[in-house]
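Working notes, structure below.
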Amino acid sequence: MSALHPVIRVVSFFVLAGFLSLGDLNPLLMAAAVLVILYGMAGGIHLRPAMLMLRRMRWLFLSLVIIYFWFTPGEPPLSSSPALSPWLPTLEGMQEGAIRIVSLIALVLAVNLLLQSTPREQLLSAIHWLARPLRQLGVSHDRLVLRMALVLEAVPKVQALAAQPATATPQSRTVDRIGNAAAVLYRQVLARADDEVCHAVEIPANGRPAGVQWLYPLALGGMLWLAHHAGQVGA
């Protein structure tokens, strides 16, 4: 993974994310196999931050389960009385929801692998290189990457502020504590922004990726397309 040019890593991620967004089972299985191989090649050192990312998304996963399982029209998975059927999830919802949730998990694993294996400077340089065609549309790719760099720089600082224990009275409700914590964090962020010293942001140039390395995203896209096409033919 480390031998791949950062541009190739980003393009490969976009290819993987594009096929995962289709919600098709066959590309999902192929993508899962690719991720297992990549994490295995890395020795599993990137699994812990991936598990942390997934843990933070647990409420999103729960909401997707509720939305897909219970709000997708279809038949209940088991024969039941008419009075009980409206309270059961539908078989179609369970199938669709499972594919969407697992696809999202695979996407999170892919994002984590990209972020853990690519230093921030190389990642920004790759995006800067890929965004050059936007100049033809009147979009400044320099400003785009600069804003991304500033956001990535600010996120750890905001996380550190959010991790600080908030003061609250024992009688305060949970909603009040959340609101007070958000208000305090907002004021702290504004105060930090006013005191922040301007500094130069340098984006190193990684150069053009070797032509042979473009075979990696092409091969990945070809495998995922064949898997998707096989699923369409089988259906």
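What follows draws every value from the coordinates through simple rules; no lab data is involved. Model, not experiment: these values are computed from the prediction. All Cβ positions, glycine included, derive from the backbone under ideal geometry; neighbour counts span all protein chains shown.
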Where a label projected 7 Å from the Cα of Glu92 along Cα→Cβ would reach, residues of the stretch 22-65 with amide N under 18 Å = 23-25, 65
Taking Ser125, Ser21 and counting other C-beta atoms within 10 Å, the order from fewest to most | Ser21, Ser125
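Work through the residues other than Gln116 whose Cβ is under 12 Å from its Cβ and net out their charges, Lys, Arg +1 and Asp, Glu -1.
For residues surrounding Gln116, the net value is +3.
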